[in-house]
1. Pull out all pairs, ordered by first then second residue, where Cβ-Cβ is under 7 Å, the residues are six or more apart or on different chains, the first lies in the stretch 12-41 and is without any contact (Cβ under 8 Å) to a residue 24 or more places away in the chain, and the second is part of a loop (DSSP other than H, G, I, E, B) and not polar (S, T, N, Q).
2. Only one of (1) crowded, with 16+ Cβ neighbours inside 10 Å; (2) more than 20 Å from Gly156 (Cα to Cα); (3) at pLDDT 90 or above; (4) touching a helix residue (DSSP H, G or I) at 6+ places or on another chain (Cβ under 9 Å) is not met by Pro103, so which one is it?
3. Exactly one of (1) under 25 Å from Ala161 (Cα atoms); (2) of a type outside the set (D, E, K, R); (3) touching an Asp or Glu at 6+ places or on another chain (Cβ under 8 Å) is unmet by Val57. Its number?
4. Name the single residue, out of those in the stretch 1-38 being among the acidic types (Asp, Glu), surrounded by fewer than 15 Cβ atoms within 10 Å (Cβ to Cβ) and in a helix (DSSP H, G or I), that is modelled with the lowest pLDDT.
5. Return the residue satisfying two criteria in turn: it lies in the stretch 48-63 and is loosely packed, with under 15 Cβ neighbours inside 10 Å and touching a residue at least 12 places away in the same chain (Cβ under 8 Å), and of such residues it is farthest from Gly18 (Cα to Cα).
Amino acid sequence: MYYEHLLGALEAVLFTAGEPLSIAELAELLQLEKPQVWELLGNLSKEYEAANRGLMVREIAGGYQLVTKPQYYNLLAQLETNKEVKLTNAGMETLAIVAFKQPVTRAEMEAIRGVKVDGVINTLLELGLITEAGRKKSIGNPILYATTDKFLTVFGLKSLADLPNPETANIDDYEVEEVVPSLAELEANGQQTLPLED
């Protein structure tokens with residue numbers, strides 16, 4: 001009975017959070033030890049693996065999140081009312097520079113791209129894909145930029161370690177997109193599932 005109560009508490013926390021929670025955060029919220037949280041997560045995941053369940057536990061961005069199963073995308077897409085946000089090639093290029101070179105300054109991004117990035121940086125900041133990560137200890141103390149947990153979530157990465165190695169990656173192995181895939185496009189390709197709430 002107590003175990004079922006804990007499993008229900010974990011489910012309620014993941015459902016309500018709407019964003020990935022780490023093992024440490026879950027342990028603190030549930031007032032449990034980390035190994036107990038691991039065990040509960042494993043058991044909850046197994047319960048959701050049943051074919052008749054519409055949810056699943058997903059490990060993403062260094063935490064765990066309760067999400068809908070990809071096969072229900074078409075049904076849930078009917079609820080989608082948010083305007084699709086797309087990025088230009090310049091936005092994707094700049095975001096890639098931040099992802100692979102972070103923390104990085106505007107001047108460093110401009111040196112790599114060969115053009116100004118002010119407008120693109122502002123767009124990426126507004127979308128929450130990058131954030132200010134302090135200041136570089138150099139002349140003028142320029143702002144440093146890094147990616148956010150939202151970046152990991154949108155691109156379906158557990159951590160930055162999941163990024164391909166730019167030194168060894170073959171560009172021909174990747175399809176270059178002109179826009180940031182919307183959550184809907186990612187879900188349609190089985191790369192992203194809808195969180196229960198924003």
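The values are calculated or read from the model by the stated rules, or taken from the named source; none is laboratory data. Source: prediction; values computed, not measured. Here the Cβ positions follow ideal geometry from the backbone for every residue, glycine too, while neighbour counts run over all protein chains shown.
1. That search, which allows pairs on different chains as well, returns Ala27/Glu33.
2. All conditions are met except number (4).
3. All conditions are met except number (3).
4. This residue is Glu4.
5. Residues of the stretch 48-63 loosely packed, with under 15 Cβ neighbours inside 10 Å: 49-54, 59.
Filter again for touching a residue at least 12 places away in the same chain (Cβ under 8 Å), leaving 53-54, 59.
Values: Arg53: 18, Gly54: 16, Glu59: 13 Å.
Among them, the one singled out is Arg53.
Rundown of residues vs (1) surrounded by fewer than 18 Cβ atoms within 10 Å (Cβ to Cβ); (2) touching a Pro at 6+ places or on another chain (Cβ under 8 Å); (3) part of a helix (DSSP H, G or I), yes/no style:
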{"site": "Ser45", "(1), (2), (3)": "yes, no, yes"}
{"site": "Asn74", "(1), (2), (3)": "yes, no, yes"}
{"site": "Leu87", "(1), (2), (3)": "no, no, no"}
{"site": "Leu95", "(1), (2), (3)": "no, no, yes"}
{"site": "Glu110", "(1), (2), (3)": "yes, no, yes"}
{"site": "Val115", "(1), (2), (3)": "yes, no, no"}
{"site": "Val120", "(1), (2), (3)": "no, no, yes"}
{"site": "Gly134", "(1), (2), (3)": "yes, yes, no"}
{"site": "Leu144", "(1), (2), (3)": "no, yes, no"}
